Amino acid sequence: MAKVSRDNAAQVSTHGPVVDRHEDIDGYTVDFVTFTEDVDGTALFRGLPGDACSCPHWGYVLKGRLTYRFPDDGGREEVFEEGDAFYLPRGHVPFAAAGSEVVQFSPTAELRVVEEAMRANMPER
């Protein structure tokens, strides 16, 4: 059985206020994400369908508060706080409060498409 923890994830990426520790396991990516500042993900998803994240995620909020807006669903918002498990379908935009931490599970191939768009849209720091 494969496993990964925040402390032994093979890949560590820092993108401005976001620290992402992740590992790919059998077609899925396990991400441990920490937000050091408030983050509005709106600009990062430009060019993806609906200008929103096109990858589904399952996860758990370890700390803090995350809000997800669903532009194609009338701008509906869902809020997840410490201790909440969640499922996010395609078509969401994240907003994270500083100090938030989440672990999420995503189909690797779909996540790579989103990551490429985010890198292309990321402002220089």
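Can you tell me how much longer the chain between Val79 and Gln11 gets when fully stretched, taken as 0.36 nm per residue apart minus their C-alpha distance, in nm with one decimal?
My answer for the length gained is 21.7 nm.
Among the trypsin sites (Lys or Arg not before Pro) in segment 1-104, which ones are in a DSSP loop with at most 11 other Cβ atoms within 10 Å of the Cβ? Mind listing them?
Lys3
Longest span of the chain, sites excluded, free of GluC sites (Glu not before Pro) in DSSP loop with at most 16 other C-beta atoms within 10 Å?
Looking at the chain, 38-81 is the longest stretch - no exposed GluC sites (Glu not before Pro) with at most 16 other Cβ atoms within 10 Å.
Considering every pair of different Cα atoms, what Kirkwood radius, in Å, is found for the chain?
Evaluated over the chain, this radius sits at 14.6 Å.
Rounded to a whole number, what % of the accessible area of the chain do carbon and sulfur atoms account for, probe 1.4 Å?
Of the solvent-accessible surface of the chain, carbon and sulfur hold 50 percent.
Run the helix sum for the chain: -39,500 (n - 2.57) per DSSP H stretch of 4+ residues, divided by residue count, reported at 222 nm to the nearest 500 deg cm²/dmol.
-3500 deg cm²/dmol
May I ask which residue of His92, Leu62, Thr36 lies farthest towards the positive end of the charge dipole of the chain, with charges of +1 (Lys, Arg) and -1 (Asp, Glu) on Cβ and the Cα centre as origin?
About the Cα centre, the residue reaching furthest to the positive side is Thr36.
Whole number in Å², please: accessible area per residue of segment 1-114, 1.4 Å probe, ligands, DNA and RNA not counted.
52
Which length gain, in nm to one decimal place, applies between Leu62 and Val19 when the Cα-Cα distance is subtracted from 0.36 nm times their residue separation?
Length gained, Leu62 through Val19: 14.0 nm.
What list of ³J(HN,Hα) couplings, whole Hz, do you get for segment 9-21 from phi and the Karplus terms 6.51, -1.76, 1.60, once you set θ to phi - 60° and write x for glycine and proline?
4, 5, 10, 10, 10, 10, 10, x, x, 10, 10, 10, 10
Evaluate the distance, in nm, between pseudo-label points positioned 7 Å from the Cα of Lys3 and of Asn121 along their respective Cα→Cβ axes.
3.6
Alpha carbon centre of segment 1-19 versus segment 41-65: separation in Å?
18
If the only charges are +1 at each Lys and Arg Cβ and -1 at each Asp and Glu Cβ, what is the size of the charge dipole of the chain around the Cα centre, to the nearest 20 debye?
About 120 debye.
The values are calculated or read from the model by the stated rules, or taken from the named source; none is laboratory data. Since the model is a prediction, treat every value here as computed from it, not as a measurement. A quick note on method: Cβ atoms are made from the backbone with ideal geometry, for glycine too, and the neighbour counts reach across all protein chains shown. All accessible areas refer to the heavy atoms of the entire protein, side chains included, with ligands and DNA or RNA removed. Shrake-Rupley method; radii C 1.70, N 1.55, O 1.52, S 1.80 Å.
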